[in-house]
Amino acid sequence: MLTVFHSLDAPGIAGGTSPIDVVSRCPLCATIGKHDFAFDGRWQIYRCPRCGLRWLWPRPADPASFYPAPDKLAADFSPVSAWRRLLKALLWNTTGDVGRRLWPRWPPVTDPQRLLDVGCGDGRYLRAMRALGWDVVGVEWDQAWADLARQVSGAPVYVTERVGEGDWPAGSFGVVTLWHVLEHLPEPLAALTALWQQLAPGGYLLLEVPNANSWQAECAGERWLHWDPPRHLWHFTPHALRRLLEQAGCSDCRLRTGGNLPGWQLDRHGRKWLRAPMAWLLARLAAAAGRGGVLLAHCRKGTDDA
Ligand SMILES: [Zn+2]
């Protein structure tokens, strides 16, 4: 039985109808879903014709087994790799991609504050923000990844199974970030609701997810990189993401799309799809047209909100 979005009273979720009915209805707006894709004869994607939300079915019973261990990645922090990464960053800079990668992730505040990065991965974002004088904290759901993030960033990183659940008192953070995390969470509404509580008045919630309404998703079809079954449980359009944020109580939300080069370069099997110049051009055009491969949301809590 689905328990996601559990605070919604959508028919088929709170109503206790059969699992098939639950699957076929959109967890956000309760509209009957349409079957979109089947992957590997096992994972299905359903689409809501009303709000555009897509969801994976069935859910993996053992999600952790589908995530890589951090061992391979830890090796990437050798000095040689550091030089290679620097070189890459400089090359990206000449194509403007560094702007897309970094600037959207700087919070729109002038003074460093206390920042919570949810699903901090290898800890590189924490490290960058800490170097700029921010007081940063990370959470991960896997001990090994949390250890790596701590080692990379030098910041406290906690392991939590349910995001946002009772970890910190209300109003603890000036900024909360989720970079490509929301689509992995079994209960995104509960997580956002809790995280919004932990945000201080005047604070910012910043997040990025793949954009299911993007040109790259449309062009790639079943091969789109960001379907990523069974790790991605949700696929958001701007409309669906806005709806979810509003249901979680988030206010003053601004959404826009970004280029996302990888989604044009690789398919979901990791095979090369388009060559760099064409991929870069399409990424830029799509972002300019508001149909970029990722969705970025900035929400601001009112200064009078508790
Ligand atoms: Zn819907």
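The values are calculated or read from the model by the stated rules, or taken from the named source; none is laboratory data. Remember, predicted model here, so these are calculated numbers, not experimental data. Here Cβ is always computed from backbone atoms with ideal geometry, including for glycine, and neighbour counts include all displayed protein chains.
Looking at Gly302, is it of a type outside the set (A, V, I, L, M), on the phi > 0 side of the Ramachandran plot and not in a strand (DSSP E or B)? Spelling it out, it is not the case that Gly302 is of a type outside the set (A, V, I, L, M), on the phi > 0 side of the Ramachandran plot and not in a strand (DSSP E or B).
Just to verify a result, which residue in the range 271-291, among those that are at pLDDT 90 or above and in contact with a Leu (Cβ under 9 Å, 6 or more places away or on another chain), is surrounded by the fewest Cβ atoms within 10 Å (Cβ to Cβ)? Result: Lys272.
Meeting the requirement of 2 or more residues that are more than 18 Å from the chain's Cα centre (by Cα) and free of Cβ contacts under 8 Å to residues at least 40 places away in the same chain, the strands (runs of 3 or more DSSP E) wholly within the range 128-212 are 135-140, 157-159.
Is it fair to say Thr237 is within 16 Å of the ligand (Cβ to nearest atom) and on the phi < 0 side of the Ramachandran plot? Here the answer is yes, as Thr237 does meet what is asked. Scanning the range 213-235 for residues that are in a loop (DSSP other than H, G, I, E, B) and out of contact with any Gly (no Cβ under 6 Å at 6 or more places or on another chain) returns Asn213, Asp228, Pro229, Pro230, Arg231, His232, Leu233.
Checking Arg284, Arg268 one by one, the residue that is within 19 Å of the chain's Cα centre (by Cα) and of a type in the set (Lys, Arg) is Arg268 and no other.
Would you say Phe37 is more than 16 Å from the ligand (Cβ to nearest atom) and touching an Asp or Glu at 6+ places or on another chain (Cβ under 6 Å)? Here the answer is yes, as Phe37 does meet what is asked. Within the range 50-73, is there a residue that is surrounded by 15 or more Cβ atoms within 10 Å (Cβ to Cβ), among the aliphatic types (A, V, I, L, M) and modelled with pLDDT of 60 or more? There is at least one residue in the range 50-73 that is surrounded by 15 or more Cβ atoms within 10 Å (Cβ to Cβ), among the aliphatic types (A, V, I, L, M) and modelled with pLDDT of 60 or more. Here Val23 fits the description: within 16 Å of the ligand (Cβ to nearest atom) and either modelled with pLDDT under 85 or assigned to a loop (DSSP other than H, G, I, E, B) (or both). Against the condition more than 19 Å from the chain's Cα centre (by Cα) and of a type outside the set (A, V, I, L, M, F, W, C), how does Thr257 come out, does it pass? Taking the combined requirement at face value, the residue does not satisfy it. Quick one: in the range 253-270, of everything that is in contact (Cβ under 8 Å) with a residue 40 or more places away in the chain and surrounded by fewer than 13 Cβ atoms within 10 Å (Cβ to Cβ), which residue is nearest to Leu189 (Cα to Cα)? Restricting to residues being in contact (Cβ under 8 Å) with a residue 40 or more places away in the chain and surrounded by fewer than 13 Cβ atoms within 10 Å (Cβ to Cβ), the top hit is Arg254.
Scanning the range 204-234 for residues that are out of contact with any helix residue (DSSP H, G or I) (no Cβ under 9 Å at 6 or more places or on another chain) and either over 14 Å from Phe37 (Cα atoms) or within 16 Å of the ligand (Cβ to nearest atom) (or both) yields one hit, Tyr204.
On the stretch given as the range 241-276, residues that are within 16 Å of the ligand (Cβ to nearest atom) and in contact with a strand residue (DSSP E or B) (Cβ under 8 Å, 6 or more places away or on another chain) total 5.
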